[in-house]
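Only one structure is covered here, and it is reproduced in the block below.
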Amino acid sequence: MALVASSSSFFSALTHSHIPPWGDRNKRRSNFLRIIPRSCLDDSSSLSQAAQYTVDTYVKSGMIVGLGSGQASGLAIRHLGRQLHTGALKDVVGIPMSVTSASEAAKAGIPLDSYQEGSQIDFAFDDADVIEEGSLIAVIGRRKLHGEESVLEKKSILNASNKLAFIIEENQYKGGLEGSIPVLVQSVWRRPSIGQAGPLGGDFPLVTKEGHNLLDVIFTSPIESLAKVAENLDTIKGVAGHGIISKFPCTVVIASQDGLNVVDKLTEKVVG
């Protein structure tokens, strides 16, 4: 019964909220775009160039760095290890966001520490499933989770960092987003398709290491505002978290065939 009530409130809050068009919102983002042509970069793949640029531009000696997970983050971790090995960087400590990123960092020779609430993190980089054009709000957690990866822990590390960079490809930077928003809910009693019911129920349910069920809320029409969706999700009883991240300051390094586009969101201006 609690699940039915929570689900009803959940979908009502998402589908019946008023989302004003971009021009009517009272908050505008201050963004800066830098274009780096391919001729100024090396001959590696565009995603590898984006990963190298992120490390070379934002990681400084003595920093504590949050290490993301995914293809781009793996490339950045390996480049960071090379920079430490050659002495270009010194005394960098990594905070891995998953077992996979911890393994990559250990192989790259990056000293590691574990994340604790209140940890100082100077800079963090990560992959994103998609970035909302203009606002630079990110969605993570759509892809299959690997290596005890936790959406909640990853968000904690990203939000604790003084500065954040997402490394993506150009088809992941768009407006009018569709598809799923990963949502974590309190553990519920699920009806199984076969066999006996239980606290987890069903066949092969995905339960996070924190004990939450991970749902995918599917949007079949364009999302006008990820910020509004996040705001509504945060007010729904039973929702423990979600995959929407809005962080200031934030940089998005976008790999394309022509080079790199780097978009900075340095602050959020309130208009009116």
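Read the figures in this text as sums done on the coordinates, not as results from a lab. Being a predicted model, the structure only gives us computed values, none of them experimental. Cβ: placed from backbone, ideal geometry, glycine included. Neighbour counts: every protein chain shown.
Quick one: 3J(HN,Hα) in Hz for region 103-119, Karplus 6.51/-1.76/1.60 with θ = phi - 60°, rounded, Gly and Pro as x.
In residue order, the calculated couplings are 5, 4, 5, 5, 5, 7, x, 8, x, 10, 9, 8, 7, 10, 4, x, 4 Hz.
At a 10 Å Cβ-Cβ cut-off, how would you order ASP42, ASP122, ASP258, fewest neighbours first?
The fewest-first ordering by Cβ neighbours comes to ASP42, ASP258, ASP122.
Around VAL253, with a cut-off of 13 angstrom between Cβ atoms, what is the net charge of the other residues, counting Lys and Arg +1 and Asp and Glu -1?
Within the 13 Å Cβ shell, the charges total -3.
Near the amide H of GLY94, under 5 Å away, which other amide H atoms are found, from residues 5 or more places off or on another chain, if H is placed in the peptide plane?
Here the answer is VAL65, LEU112, ASP113, since their amide H atoms fall under 5 Å of that of GLY94.
Report ³J(HN,Hα) in whole Hz for each residue of region 160-174, in order, from the Karplus equation J = 6.51 cos²θ - 1.76 cosθ + 1.60 where θ = phi - 60°; Gly and Pro get x.
7, 6, 5, 8, 9, 10, 9, 10, 9, 9, 5, 6, 9, 10, 7
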